[in-house]
Amino acid sequence: MVRNIVVLGGNSHPKLNEIICNTLGVPPCNRILKKFSGGESRLEIQDSVRGKDVYIIQSGAGKVNDHFVDLCIMISACKTGSAKKVTAILPLFPYSRQPDLPYNKIGAPLAKPPSGGTKGDFTFESRPTTPGPGQPQSQGINNGVDKLQSKLNKAQDKQNGISYSPQMSNGITPRRSDTTDSQSSITHKRDHSTTVQQPPLFTTHDDPQTHSSQARNVFQGKPGYKQWVAQAGTLVADLLTCAGADHIITMDLHDPQYQGFFDIPVDNLYGKPLLKRYIQQHVPDFKDAIIVSPDAGGAKRATAIADDLNMEFALIHKERRPTRITDRQNATMMLVGEVINKVCILVDDLADTSNTITRAAKLLKKQGATQVYALLTHGVFSGDAIERINASALDKVVVTNSVPQDDHKRTCPKLEVLEVGHVFAEAIRRVHHGESISALFWE
């Protein structure tokens with residue numbers, strides 16, 4: 001039993017609160033946390049927190065904004081109640097993952113099914129299609145430079161003294177002896193309304209001041225930071241700090257650099273030990289299986305597990321060459337590695353719409369994989385993610401209970417949940433007694 005400690009749970013994950021309190025041997029803090037009729041939060045802490053270490057458990061799933069405001073209110077109430085130290089436990093940290101383009105509320109779009117199909121007929125196809133032997137190559141981005149090579153050839157011919165008769169946009173073919181002034185005078189005598197405008201021969205990386213008026217009509221393959229997109233990382237960190245949090249404990253941040261937004265200590269626990277243990281105990285002949293990262297961003301996470309278990313590794317590369325702006329979310333997927341007649345284990349930190357892992361599973365089965373597992377730390381499963389998984393080539397999906405999974409488990413027979421409450425309970429115990437928590441990182 002841990003003494004002089006208060007565990008205060010929010011409404012986001014009551015089951016996880018109960019597991020942590022039972023593991024630590026302390027009763028949960030009595031409180032009232034509900035909504036007024038106007039939608040505002042009401043909090044009343046019914047136990048004394050004076051001079052005690054308070055650990056507030058609130059995960060970033062479900063009604064994320066409401067739960068985050070409740071967390072800030074609970075932190076502020078504990079500091080006002082003279083708590084010695086307030087630590088926020090966020091198994092899934094909110095706003096640590098912001099997509100490049102906003103998805104619809106039902107999830108990321110798939111390739112449109114044939115006309116007349118039902119809503120649940122998922123195709124899991126890429127647009128453009130994944131290239132392979134004997135298949136035509138997909139078209140690249142048409143950014144106004146498709147005729148650039150022919151124009152470069154004509155310029156080279158001019159340098160070599162080869163004469164040709166270029167035709168101007170107004171339909172007049174100038175003689176070779178015509179000068180620039182004479183050509184311009186002829187052009188101005190023509191009616192400008194009959195002039196056919198040619199597409200500008202520049203890319204989006206050229207000077208925006210020079211071509212700003214023309215660039216609006218040209219598809220921009222990589223808009224970069226030209227459009228203002230709110231990044232809430234610094235704001236969320238400042239809100240937690242200003243509310244009075246002294247310490248943050250979370251698990252598998254989507255971007256580990258997120259810790260740099262805080263001026264207070266942040267402990268980022270890893271779900272890797274749980275996933276490794278599952279592979280060793282539940283995957284038959286796991287030494288002959290292969291670890292697969294569904295994208296380049298998770299390669300480091302997947303290779304860490306592959307190296308620890310002495311397993312092979314493969315990577316799925318997303319080749320982002322869209323022909324339309326709506327296709328950028330369905331980039332072509334290419335497999336780097338050999339998976340024929342092998343059990344494939346997809347490893348990722350989070351699944352939201354499940355678009356990536358379901359398309360990756362289809363690609364692996366197409367390349368000859370016998371079975372496909374998906375091991376995830378956080379299973380958000382928003383929109384129609386569960387329907388996607390049920391209709392996909394995935395044989396089993398393994399997640400932790402960092403977010404509530406009871407409803408998902410009832411509707412998805414492929415889903416298996418690992419218990420993560422004891423990891424956070426041990427982290428709380430070590431932090432409370434001043435012990436190192438490095439063992440939780442590398443066990």
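Exactly one condition in (1) touching a Ser or Thr at 6+ places or on another chain (Cβ under 9 Å); (2) surrounded by 17 or more Cβ atoms within 10 Å (Cβ to Cβ); (3) closer than 24 Å to residue 418 by Cβ is false for residue 53; which is it?
For residue 53, the exception is condition (3).
Just one of (1) aliphatic (A, V, I, L, M); (2) crowded, with 19+ Cβ neighbours inside 10 Å; (3) over 25 Å from the mean Cα position of the chain (by Cα) trips up residue 374, so point out which.
If we test residue 374 against (1) aliphatic (A, V, I, L, M); (2) crowded, with 19+ Cβ neighbours inside 10 Å; (3) over 25 Å from the mean Cα position of the chain (by Cα), just (3) comes out false.
Could you check the stretch 309-320 and list, in sequence order, the residues that are exposed (fewer than 15 other Cβ atoms within 10 Å of the Cβ) and among the aliphatic types (A, V, I, L, M)?
None; the set is empty.
Taking the stretch 411-431 as the region of interest, how many residues are under 18 Å from residue 251 (Cα atoms) and either of a type outside the set (Lys, Arg) or open to solvent by less than 40 Å² (accessible area, probe 1.4 Å) (or both)?
Count: 13.
When the stretch 233-255 is examined, which residues are found to be β-branched (Val, Ile, Thr) and open to solvent by less than 10 Å² (accessible area, probe 1.4 Å)?
Of everything in the stretch 233-255, those that are β-branched (Val, Ile, Thr) and open to solvent by less than 10 Å² (accessible area, probe 1.4 Å) turn out to be 236, 248, 249, 250.
Rundown of residues vs (1) touching a residue at least 24 places away in the same chain (Cβ under 8 Å); (2) not in a loop (DSSP other than H, G, I, E, B), yes/no style:
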{"position": "383", "(1), (2)": "yes, no"}
{"position": "387", "(1), (2)": "yes, yes"}
{"position": "399", "(1), (2)": "yes, yes"}
{"position": "403", "(1), (2)": "yes, no"}
{"position": "408", "(1), (2)": "yes, yes"}
{"position": "435", "(1), (2)": "no, no"}
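Any residue at all in the stretch 7-17 that's part of a strand (DSSP E or B), β-branched (Val, Ile, Thr) and within 21 Å of residue 430 (Cβ to Cβ)?
The answer is yes; a qualifying residue exists.
Confirm whether residue 165 is at pLDDT below 95 and open to solvent by 20 Å² or more (accessible area, probe 1.4 Å).
yes
Give the residue that is most open to solvent (accessible area, probe 1.4 Å), with candidates limited to residues of the stretch 261-308 that are of a type in the set (Ser, Thr, Tyr) and under 19 Å from the mean Cα position of the chain (by Cα).
So, considering only residues that are of a type in the set (Ser, Thr, Tyr) and under 19 Å from the mean Cα position of the chain (by Cα), the one most open to solvent (accessible area, probe 1.4 Å) is 270.
For the stretch 97-113, indicate whether the set of residues that are open to solvent by 70 Å² or more (accessible area, probe 1.4 Å), at pLDDT 95 or above and hydrophobic (A, V, I, L, M, F, W, C) is non-empty.
no
Let me spell it out: the conditions are (1) modelled with pLDDT under 95; (2) not in a helix (DSSP H, G or I), and residue 372 meets all of them except one. Which number is the exception?
Failing condition for residue 372: (1).
The values are calculated or read from the model by the stated rules, or taken from the named source; none is laboratory data. Computed from a predicted structure; not experimentally measured. Neighbour counts are summed over all protein chains in view; Cβ atoms, including those assigned to glycine, are modelled from backbone coordinates with ideal geometry. Each accessible area value is taken on the protein alone, full model and side chains, heavy atoms only, with ligands, DNA and RNA left out. Shrake-Rupley method; radii C 1.70, N 1.55, O 1.52, S 1.80 Å.
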